[in-house]
Amino acid sequence: MRRPREGEEPVAFSCPRCRKDFTATVECAAKARRKRMAYLVVGSVLLLSLLVTLPMAFHLGGQVREEDDPSMNPMAVLVPLVAVGFVAGLTLFRFGRRYAGIRKYRLVRPDGKRTILVQGHRFD
């Protein structure tokens, strides 16, 4: 697929297996590169935050607290931070590695209109 010089635009193509016509929204190379880098950076920062939150959770989780201690339990904050850092960081990092700037695949019907969803096709 050819990329536009700036912005995004729909590009027509046909499936090599079923010979049906499709359109896809393709972003310019600069925009796709910026989005890809943003996903990779945010995902990496979240994964690197595990280097701080995970040891802290182990350290504070092993301490004994008094029952009548009025201070807030830090584990109530650290456990969700570790979970969010792991799940969101891994998701964003993996998504950033695969991001190509091509989205909104639409099947072109015989009457010229486009469908909303394309099922059963994989365009990688």
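List of remarks:
- Residue satisfying all of: in the stretch 74-93; under 16 Å from the mean Cα position of the chain (by Cα) and among the β-branched types (V, I, T); surrounded by the fewest Cβ atoms within 10 Å (Cβ to Cβ) among these: V87
- Residue check, S71 assigned to a helix (DSSP H, G or I), exposed (fewer than 15 other Cβ atoms within 10 Å of the Cβ) and of a type outside the set (A, V, I, L, M, F, W, C): no
- Check on Y39, modelled with pLDDT under 95 and of a type in the set (F, W, Y): no
- Put simply, of R103, R33, R98 the only residue that is under 16 Å from the mean Cα position of the chain (by Cα) and exposed (fewer than 11 other Cβ atoms within 10 Å of the Cβ) is R98.
- Residue pairs whose Cβ atoms lie under 6 Å apart, separated by 6 or more positions or on different chains, with the first residue in the stretch 97-108 and under 18 Å from R34 (Cβ atoms) and in contact (Cβ under 8 Å) with a residue 12 or more places away in the chain and the second assigned to a strand (DSSP E or B) and among the charged types (D, E, K, R), are G101/E27.
The values are calculated or read from the model by the stated rules, or taken from the named source; none is laboratory data. Note that the structure is predicted; figures quoted are calculated from it, not measured. Quick reminder, even Gly has a Cβ in these numbers, built from the backbone with ideal geometry, and neighbours come from all protein chains shown.
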